[in-house]
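Encoded as structure tokens, the structure appears first; notes follow it.
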Amino acid sequence: MEAAPFGSAFTSRSLSPPSSSSSTSQSLLCFRFNKARLKLKSPRTFAVRAAAARGGDSVVTLLDYGAGNVRSVRNAIRHLGFDIKDVQTPEDILGANRLIFPGVGAFASAMDVLNKKGMAEALCTYIMEDRPFLGICLGLQLLFESSEENGPVRGLGIIPGVVGRFDASSGLRVPHIGWNALKVREGPEILDDIGNRHVYFVHSYRALPSNDNMDWVSSTCNYGDNFIASVGKGNVHAVQFHPEKSGDVGLTVLRRFLSPKSHVTKKPTEGNASKLAKRVIACLDVRANDKGDLVVTKGDQYDVRERTEENEVRNLGKPVDLAGQYYKDGADEVSFLNITGFRDFPLGDLPMLQVLRYTSENVFVPLTVGGGIRDFTDANGRYYSSLEVASEYFRSGADKISIGSDAVYAAEEYLRTGVKSGKSSLEQISRVYGNQAVVVSIDPRRMYIKSPEDVEFRSTRVTNPGPNGEEYAWYQCTVNGGREGRPIGAYELAKAVEDLGAGEILLNCIDCDGQGKGFDVDLVKLISDAVSIPVIASSGAGCVEHFTEVFEKTNASAALAAGIFHRKEVPIQAVKEHLLKEGIEVRI
């Protein structure tokens, strides 16, 4: 495990906005710098200074305050040939030759840690001296005057403007998750190689361009409104997207920042990016086989054993190898589902942690992991919170955590009492890491009925009638890998977990799993129309046309498949080429 230099992300102090007089004075220091309107050096000077620093020193100083997955940033930096020095004190910031701040988590928590550790003042000093700086995601937002997230909360005040939440009132899905296009302004060299290709975003809050901050804006992105995708002035840069999760395109941004003079001038590869793309996700169901080896398997209606005399676990490859291949093939995300781990001791599942660590070394797209993430007490009576379990997976390389059964129980309690306890795994993790880091996996089974009045749960008219001619169905949610039905429908569960803090829904269908006959479009439409967060369609894909169908007939933001990719029946690139041919925007 890599230590978090500024303390644990799940300490109580990181859950409230800064309020001390010292934090106020440190933030005001940045405002005074901004008010003085010190002149930053020109982009031309940027190239000279950065190149000189690179020539004498291959060390990158990383400001990691311990709230989320920065392993991929570390891996990307090392992949590009640089060493890393972690910030331990404010003096480490002031002594850096180049500084990267991969901010993750909540705005208030980050400012609280920066202020209490004396980092805010040092960071302001470093930036206002026009020294090489790259902020990522929250590392961009903190440069602004304040944020509305759990606030208002005062930021560093270097750039004029307020960070606000995306407006979902007009049907916009929030968080903004996925691969979107940039509109790049003239000048910022670190964006020179993007060439109209998609980059990866995952956030609920954004800053808007204005007359007061336009001299900082280097690119914008459209999602409801045109928001600020990157800023740059002199040697100071920050991006709202995640370059370490944007594949080869993102690595060029990091390379440009770290070593701007090491490039041979060439025309960048042009892409077709114009808006938010539909995502194609590769899912790897991981479990130990009967010999104890960790393998990728695939179920047939959740049964992962071969129908042979030996009845062995179906083995479709090694997790790390397959994930690496899917990254090369163009998967927009890779999802790991540990289908047998965690049952007695989640933190003892070291092989799965190693899978994440090894995968994140060479896979620079988002990684999701799920399987038994919950509160538990070990055999010695020691209690572990779901937040501690999730934190270990974030530190090991996960970008998002998928919660299944535990979210069902939390939703049932919420619907019964009408009260958010704040104690469920869903609420704990989304509060600290942000709802964009939490996926809820829903595993329903189709239950045919003759009339919507037959059940208390929301039903829908089905495209294909049931065995007795039933024209309607409701979808009963299950737990424990589909083995136990619960008295709650998929519609009710989806609405409840959105209220509790889920940022995304992974929508499976037991009836369609492994059948290759297409996604359950009736189910996907029911849920994607009901919530304002992104929905991932899963279960049933058998050909490229099935992806087109689910995107054309529903509001799904992404589609996930497993078996057809593992068995090489349908290549990921073939899916994307077909979608593109049908006029559906994808990342190529």
Checklist entry - When the residues of the stretch 216-236 are filtered to those that are open to solvent by 10 Å² or more (accessible area, probe 1.4 Å) and touching a Leu at 6+ places or on another chain (Cβ under 6 Å), which remaining residue is nearest to Ile158 (Cα to Cα)? => result Lys233
Item to check | Flag if Phe101 is under 27 Å from Val389 (Cα atoms), of a type outside the set (Asp, Glu) and modelled with pLDDT of 95 or more | outcome: yes
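For the subset of the stretch 412-434 comprising residues that are in a loop (DSSP other than H, G, I, E, B) and of a type in the set (Ser, Thr, Tyr), which member is most open to solvent (accessible area, probe 1.4 Å)? Show your work before the answer.
Step one: list which residues in the stretch 412-434 are in a loop (DSSP other than H, G, I, E, B), which gives 418-424, 434.
Then drop every residue that is not of a type in the set (Ser, Thr, Tyr), which leaves 421, 424.
Numbers: Ser421: 74, Ser424: 18 Å².
The residue in question is Ser421.
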Next on the checklist: Checking the structure you have, find out if any residue of the stretch 61-79 is at pLDDT 90 or above, under 23 Å from the mean Cα position of the chain (by Cα) and surrounded by fewer than 18 Cβ atoms within 10 Å (Cβ to Cβ).
Outcome noted: yes
Checklist entry - How many residues does the stretch 489-500 hold that are open to solvent by less than 20 Å² (accessible area, probe 1.4 Å) and of a type in the set (Asp, Glu)? => result 0
Next on the checklist: If a residue must be more than 23 Å from Asn180 (Cα to Cα) and either modelled with pLDDT of 95 or more or assigned to a helix (DSSP H, G or I) (or both), how many such residues does the stretch 547-566 contain?
Outcome noted: 4
Checklist entry - How many residues are surrounded by 21 or more Cβ atoms within 10 Å (Cβ to Cβ), part of a helix (DSSP H, G or I) and among the aliphatic types (A, V, I, L, M) if we restrict to the stretch 112-151? => result 9
Checklist entry - Do the conditions hold for Gly324, that is, is it modelled with pLDDT of 90 or more, open to solvent by less than 40 Å² (accessible area, probe 1.4 Å) and over 19 Å from Ser391 (Cα atoms)? => result yes
Checklist entry - Is at least one residue of the stretch 394-411 touching a strand residue (DSSP E or B) at 6+ places or on another chain (Cβ under 7 Å), open to solvent by less than 60 Å² (accessible area, probe 1.4 Å), assigned to a loop (DSSP other than H, G, I, E, B) and modelled with pLDDT of 95 or more? => result no
Next on the checklist: It is to be established whether one or more residues within the stretch 220-230 are of a type in the set (D, E, K, R) and touching a Ser or Thr at 6+ places or on another chain (Cβ under 7 Å).
Outcome noted: no
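Where residues in the stretch 469-480 are surrounded by fewer than 19 Cβ atoms within 10 Å (Cβ to Cβ) and either outside the structural domain of Ile536 (by the TED database) or under 37 Å from the mean Cα position of the chain (by Cα) (or both), which of them is modelled with the highest pLDDT?
Here is the first cut: in the stretch 469-480, the ones surrounded by fewer than 19 Cβ atoms within 10 Å (Cβ to Cβ) are 469-471, 479-480.
Among the residues that remain, those that are also either outside the structural domain of Ile536 (by the TED database) or under 37 Å from the mean Cα position of the chain (by Cα) (or both) are: 479-480.
On the way: Val479: 93, Asn480: 87.
Of everything passing the filter in the stretch 469-480, Val479 is modelled with the highest pLDDT.
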Checklist entry - Taking the stretch 221-251, which residues are polar (S, T, N, Q) and either under 18 Å from Gly139 (Cβ atoms) or at pLDDT below 95 (or both)? => result Ser230, Asn235, Gln240, Ser246
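Just the residues that are over 21 Å from Ile84 (Cα atoms), in contact with a Gly (Cβ under 8 Å, 6 or more places away or on another chain) and surrounded by 24 or more Cβ atoms within 10 Å (Cβ to Cβ), please, taken from the stretch 95-109.
Selection gives Ala106, Phe107.
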Checklist entry - Can you find a residue in the stretch 458-468 that is open to solvent by 40 Å² or more (accessible area, probe 1.4 Å), more than 27 Å from Ala410 (Cβ to Cβ), among the hydroxyl-bearing types (Ser, Thr, Tyr) and in a loop (DSSP other than H, G, I, E, B)? => result yes
Next on the checklist: Can you report the number of residues in the stretch 532-543 which are assigned to a loop (DSSP other than H, G, I, E, B) and surrounded by 20 or more Cβ atoms within 10 Å (Cβ to Cβ)?
Outcome noted: 6
Next on the checklist: Just checking, does the stretch 116-129 include any residue being touching a strand residue (DSSP E or B) at 6+ places or on another chain (Cβ under 9 Å) and without any contact (Cβ under 8 Å) to a residue 12 or more places away in the chain?
Outcome noted: no
Checklist outcome for this item: Subset of the stretch 501-529, residues open to solvent by 10 Å² or more (accessible area, probe 1.4 Å) and within 23 Å of Phe201 (Cα to Cα), comes to Gly501, Leu506, Asp529
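The values are calculated or read from the model by the stated rules, or taken from the named source; none is laboratory data. Note that the structure is predicted; figures quoted are calculated from it, not measured. A quick note on method: Cβ atoms are made from the backbone with ideal geometry, for glycine too, and the neighbour counts reach across all protein chains shown. Protein only, heavy atoms only, side chains kept; ligands, DNA and RNA dropped before computing areas. Shrake-Rupley method; radii C 1.70, N 1.55, O 1.52, S 1.80 Å.
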